[in-house]
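What follows is a set of notes on a single structure, which appears directly below.
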Amino acid sequence: MIANVIRHVVFRGRVQGVGFRDFVLEEAAQQGLEGWVRNRADRVSVEAVFSGPGDVVATVIEVCRMGPPAARVDALDQRDGTTQELALGQPGSFVRVPTL
C-alpha cells in the first residue's frame, strides 16, 4: 500500500488567464486527489496543495507541469504540505480557493 502525502506546489510562468487552474482542478479531481488550487496575487504563479497516494500525487504534478496548450510552466517549486494548508479546501474534494 502506498502512503498518502500532502504536497504544496507553486507553478510559475504563463499560468494565469490560460485555463491552468481548471486544468489542475480537472487532473486532480479525475485522480481522486484532495486539495485546492488558486492564483497568486503576483499574476505569474498558481499555488496548489495535493493530497493522496504519493505516486498519484507525483504523476498529477508532472502532468500539471505540462499544463494546457496555452500555458507555459517555467518553474515549479514543491515541498511537503501541511494539514493546515490542506484544510483551506473542502475535505474529500479538490477545489478552487480565492486568490492569495
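Where a number appears in this text, it was derived from the coordinates with a stated rule and is not lab data. Quick caveat: nothing in here was measured; it's all calculated off a predicted structure. Neighbour counts are summed over all protein chains in view; Cβ atoms, including those assigned to glycine, are modelled from backbone coordinates with ideal geometry.
For ARG14, the shell of other residues with beta-carbons less than 11 Å away shows a net charge of +2, using +1 for Lys and Arg and -1 for Asp and Glu. Taking Cα atoms, how many degrees apart are the long axis of helix 20-30 and the longest axis of the chain, rounded to 10 and kept between 0 and 90? Approximately 20 degrees, to the nearest ten. Once C-alpha pairs closer than 8 Å and six or more residues apart are averaged by separation and normalised to the residue number of region 4-73, the relative contact order reads 46 percent. Panel values: the chain, Kirkwood radius from alpha carbon pairs, Stokes-Einstein at 25 °C and 0.890 mPa s, translational diffusion coefficient 188 µm²/s. As I understand it, the value is the acute angle between the Cα axis of helix 54-66 and the longest principal axis of the Cα atoms of the chain; what does it come to in degrees, rounded to 10? Orientation of helix 54-66: about 10 degrees from the principal axis.
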